[in-house]
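Heads up: the structure comes next, in structure tokens.
Values quoted throughout were computed directly from the atomic coordinates according to the rules given, and no laboratory measurement underlies them. Predicted model only: the values in this text are computed from it and were never measured. So basically every Cβ, Gly included, is an ideal-geometry build from the backbone, and we count neighbours across all protein chains shown.
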Amino acid sequence: MFFNNVAFVERDASLRLTGVQRLSKKIMSEIVYGRNAVMELMKTRPDEIEKVYFQFNTSDKKITELLLTAKRNGLSIGKANGQRLSEIAQSANHQGVCAIVGQLKYFDLEDLLEAPRGEKFFFLILDSLEDPQNVGAIIRTAEAAGVDAVIIPKDNFAPINATVHKTSAGALSHIRLCRVVNLAQTFEALKKKNIWIISTDTDAGKSYTNFDYTMNCAIVIGSEGSGVRRLLKERCDELVQIPILGKSESLNASVAAGVMLYEVVRQRSLSKV
């Protein structure tokens, strides 16, 4: 079916797209094609794009602009001839570009708060991270640590793109991801469920090991440069410090996340002994 340069096609194991792995089960994929439609998609929903295919051997300025935009967004890029683009779009009116919208699913916060996956709630909240590789590495660790979900802001955050997928080593397909409009309001919703919110802070007076993570908790990790925003820190229940014994000012965000998450795992494992 077609509507405003969007095609919905059923892909199965018999259909192979250039640069896309063969699929083992049928899914409904959204194919957006045409220069203006794909540009708008990249501006408004870049984190939902699985891959963008461009017609090769063309010097068209609009195609070049689209290609540069795709690269700036860290999107996975493929090349195809005109016939192949027509097959992907199921239309000859592709104008030299098609985008495949992925099947990433975001979970509602209300649904996540109905009940913990384990005995106690265990959330990871990410604030203002800009590096997709860091985000992917953090998601990989969070999935391994068994968090209930990773909560991210809708704005001022790295796109959940092909780089995140690759760096997470498949963990993105298993983690529950929740995208919210306002993290401050999310903090309040968590507190109503008796979930303690703990953030790392280089100036905190308490070591990260001196907090009881066996209760319901949410760990907050901030951006690589400035850390967690001040207004969010003020809404946290506790600030803790990961000791820096060398000359480095701080840890990489993905390393800090790993340290914090596995302290939660360590304490909860010991409490069961």
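How compact is region 109-271 by the rule of thumb for globular proteins, expressed as Cα Rg over 2.2 N^0.38 Å?
Values: Rg = 14.5 Å, N = 163, 2.2 N^0.38 = 15.2 Å.
Computed over Cα atoms of region 109-271, the ratio equals 0.95.
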Q: Working from Cα positions, state the angle (0 to 90°, nearest 10) between the long axis of helix 132-145 and the longest principal axis of the chain.
A: 60
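Pull out the extension gain between Lys191 and Ser226, defined as 0.36 nm times the separation in residues minus the alpha carbon to alpha carbon distance; nm, one decimal. Present the calculation step by step, with values, prior to reporting the outcome.
Working: separation 35, 0.36 × 35 = 12.60 nm, distance 2.47 nm.
10.1 nm is the gain from fully extending Lys191 to Ser226.
What FRET efficiency do you get for Asp237 and Asn36 if R0 is 51 Å and r is their Cβ-Cβ distance, rounded to the nearest 0.05? All intermediate terms of the calculation are to be shown ahead of the outcome.
On the way: r = 48 Å, r/R0 = 0.93.
With a Förster radius of 51 Å, E is 0.60.
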Q) Could you state the number of Å between the C-alpha centres of region 95-113 and region 145-216? A) 19
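Order by neighbour count: Thr141, Thr64, fewest other Cβ atoms within 10 Å first, most last.
Values: Thr141 21, Thr64 12.
In order of increasing Cβ crowding within 10 Å: Thr64, Thr141.
I want the antiparallel fraction of DSSP beta bridges within the chain, as a percent rounded to 5.
40
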Q) So how strong a dipole does region 109-271 carry about its Cα centre when Lys and Arg Cβ are +1 and Asp and Glu Cβ are -1, to the nearest 20 debye? A) 160
Q) What percent antiparallel are the DSSP beta bridges of region 109-271, to the nearest 5? A) 5
Q) Which residue, Asn210, Asn161, Asn36, tops the fluctuation ranking in a GNM of the chain built on C-alpha contacts under 10 Å? A) Asn210
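Could you tell me which of the pairs Lys51/Lys105; Lys71/Lys166; Lys62/Lys105; Lys105/Lys166; Lys120/Lys191 are separated by over 20 angstrom between their Cα atoms in the structure shown? Don't skip to the answer; put the middle values down first.
On the way: Lys51/Lys105 17 Å; Lys71/Lys166 16 Å; Lys62/Lys105 31 Å; Lys105/Lys166 17 Å; Lys120/Lys191 14 Å.
Violating the 20 Å Cα-Cα cut-off are Lys62/Lys105.
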Q.
Sort Met215, Met42 by Cβ crowding within 10 Å, fewest neighbours at the top.
A. Met215, Met42
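Can you compute the helix-only [θ] at 222 nm over the chain? Use -39500 (n - 2.57) per DSSP H run of at least 4 residues, normalise by all residues, nearest 500 deg cm²/dmol.
On the way: 9 runs with 86 residues, N = 273.
Calculated from helices alone, the mean residue ellipticity at 222 nm is -9000 deg cm²/dmol.
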Q. Applying 1/(1 + (r/R0)^6) with R0 = 22 Å to the Cβ-Cβ distance of Arg45 and Lys79, what FRET efficiency is obtained, to the nearest 0.05?
A. 0.50
Q.
Quick check on the exposure proxy: order Phe211, Phe123, Phe56 from fewest to most C-beta atoms within 10 angstrom.
A. Phe56, Phe211, Phe123
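Taking the Cα centre of the chain as origin, work out the dipole magnitude from +1 charges on Lys and Arg Cβ and -1 charges on Asp and Glu Cβ, in debye rounded to 20.
Details: 35 positive and 31 negative charges, 141 e Å.
In total the dipole reaches around 680 debye.
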Q | the chain - Rg (one decimal) and Dmax (whole number), Cα, Å | A | 21.2, 66
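For Lys206 and Lys272, calculate 0.36 nm times their separation in residues minus their Cα-Cα distance, and state this gained length in nm to one decimal. Each step should come with its number before you reach the end.
Values: separation 66, 0.36 × 66 = 23.76 nm, distance 2.48 nm.
Gain in length upon complete extension: 21.3 nm.
Express as a percent, rounded to the nearest 5, the fraction of DSSP beta bridges in region 29-131 (both residues included) that run antiparallel. Mind showing how you got there, number by number?
Working: 9 of 13 bridges.
Of those bridges, close to 70 percent are antiparallel.
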